[in-house]
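S.K.: Here it is, the structure in full.
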Amino acid sequence: MQKLSDEETNTALQVLKGWSYNCNAIEKKFVFKDFNEAFGFLTRIALYSEKVNHHADWSGVYNKVNIKLSTHEESGVTQKDIDFAEEIEKYL
């Protein structure tokens, strides 16, 4: 999968509300009602991640979850990351 240009990434993010681009990755911070809601969200993402063999960098503290997506083999953002972000949005 080929790395997207900055322009291609920014265009793709126009439909992904709350996601930002930092040159090598796209990322979003999520806030949930409580720990259980945040943990459930991470669990659903983990199962999807295994299914598509693409793993996010993430961190979670109580009700906050930070997710960063990039394709390490390409040292940047690919369509695979955009697709993953779109899938994550379905879990909200």
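Every number in this text was worked out from the coordinates using simple rules, so none of it is lab data. Just so it is clear, the structure is predicted and the values come from calculations on it, not from any experiment. Virtual Cβ from ideal backbone geometry, glycine too; neighbours counted across all protein chains shown.
S.K.: Please report Leu16, Leu42 as a ranked list, fewest other C-beta atoms within 10 angstrom at the top and most at the bottom. Write down the numbers at each step before the final one.
M.R.: On the way: Leu16 16, Leu42 20.
Taking fewest neighbouring Cβ atoms as first place, the list is Leu16, Leu42.
S.K.: Place +1 on the Cβ of every Lys and Arg and -1 on the Cβ of every Asp and Glu in the chain, take the dipole about the Cα centre, and give the residue among Leu13, Ser59, Val77 whose Cα lies farthest towards its positive end.
M.R.: Ser59
S.K.: Fewest Cβ neighbours within 10 Å first, please rank Ile88, Ile45 accordingly. The partial results should precede the final answer.
M.R.: Working: Ile88 22, Ile45 19.
The fewest-first ordering by Cβ neighbours comes to Ile45, Ile88.
S.K.: What pairs in Lys29/Lys64; Lys3/Lys90; Lys28/Lys51 have C-alpha atoms more than 18 Å from each other? It would help to have the intermediate numbers written out before the result.
M.R.: Working: Lys29/Lys64 7 Å; Lys3/Lys90 24 Å; Lys28/Lys51 21 Å.
Among Lys29/Lys64; Lys3/Lys90; Lys28/Lys51, the Cα-Cα distance tops 18 Å for Lys3/Lys90; Lys28/Lys51.
S.K.: By counting other Cβ atoms within 10 Å of each Cβ, how are Phe39, Phe84, Phe32 ranked from fewest to most?
M.R.: Exposure proxy ranking, most exposed first: Phe39, Phe32, Phe84.
S.K.: Points 7 angstrom from Cα along the Cβ direction at Asn63 and Lys29: gap in nanometres?
M.R.: 1.5
S.K.: Sort the following peptides by mean Cβ neighbour count (other Cβ atoms within 10 Å, averaged over residues), highest first: 63-69, 3-9. Mind dumping the intermediate values first?
M.R.: Details: 63-69: 17.9, 3-9: 15.0.
Packing proxy ranking, top to bottom: 63-69, 3-9.
S.K.: For the chain, what is the convex hull volume of its Cα atoms per residue in Å³?
M.R.: Working: hull volume 7.4 nm³, N = 92.
Convex hull volume per residue, Cα atoms: 81 Å³.
S.K.: Where the only charges are on Cβ atoms (+1 Lys, Arg; -1 Asp, Glu), what is the dipole of the range 6-90 about its Cα centre, to the nearest 20 debye? Intermediate results must be reported in sequence, preceding the final value.
M.R.: Details: 10 positive and 15 negative charges, 97 e Å.
The calculated dipole for the range 6-90 is roughly 460 debye.
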